[in-house]
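Report on the structure given below.
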Amino acid sequence: MGEPRDANTEADLVAAVAEGDREAFELLYRHYAPWLVARLRHRCADDSLLDDIVQETFLNLWRTCAAGRQRQVADMGGWLWRIASRRLVDQARAGGARSRVQRALQRLRIRDEPSAEEEALAGGRHGDLADALARLPTELRRVMQATVVDGLTVRQAANVLGVPPGTVKTRAMRARKLLKQELDRGAAPRQRPGWRGGEDDAADIAAGES
């Protein structure tokens, strides 16, 4: 997203937008729109749909400021992301789209140069990553969705999820540990029914030689 804006600067811009300043609105749009598109693309490859969602998100910002409801800016990126991600969920539900998590995880698994975080998730390459993620407790799954799939920083994820940053870090560590256990379990070779070890193998060999 580039260098983060100073909080006071953002507050001034939001205050200006609330007074109908289109130039201030344009500055916020130019700074955050490319970042929103990049993050949303992890969930959806339809550029036309992404453009609509970003436009709706900033229209929401304009209307909120005009109505005087955006009184304080703690994390503009996180605030915009909450709006945009909800819009995308609404669109997915309306269109009967495939699971956002499934699509995003599929892209994570086929990228040529996965990040260190993604490598941690893909540690059990023979397991089913999507199923393992789905089996995580809800609070852990939401953290992995926000930080890995959506690419949010710890601070932004904390803002979106409504928990302290330290909680996000702790849950992410627990989630990665559980995912690795699930994936390693899925990678373990399975015994065929009735297999008991050497005597069965010996019997099979004897049968084949007779």
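Nothing in this text is a laboratory measurement; each read-out follows from the coordinates by a stated rule. All values derive from a computational prediction rather than experimental measurement. Glycine also receives a Cβ, built like all others from the backbone with ideal geometry; neighbour counts cover every protein chain displayed.
Once label points are set 7 Å from the Cα along Cα→Cβ at both GLU23 and ALA67, what is their separation, rounded to one decimal in nm? Output for this residue pair reads 2.8 nm.
Distance between the 7 Å Cα→Cβ label points at ASP47 and ARG174: 4.2 nm. A cut-off under 10 angstrom between Cβ atoms defines the neighbours of ALA16, and their net charge, with Lys, Arg +1 and Asp, Glu -1, is -3.
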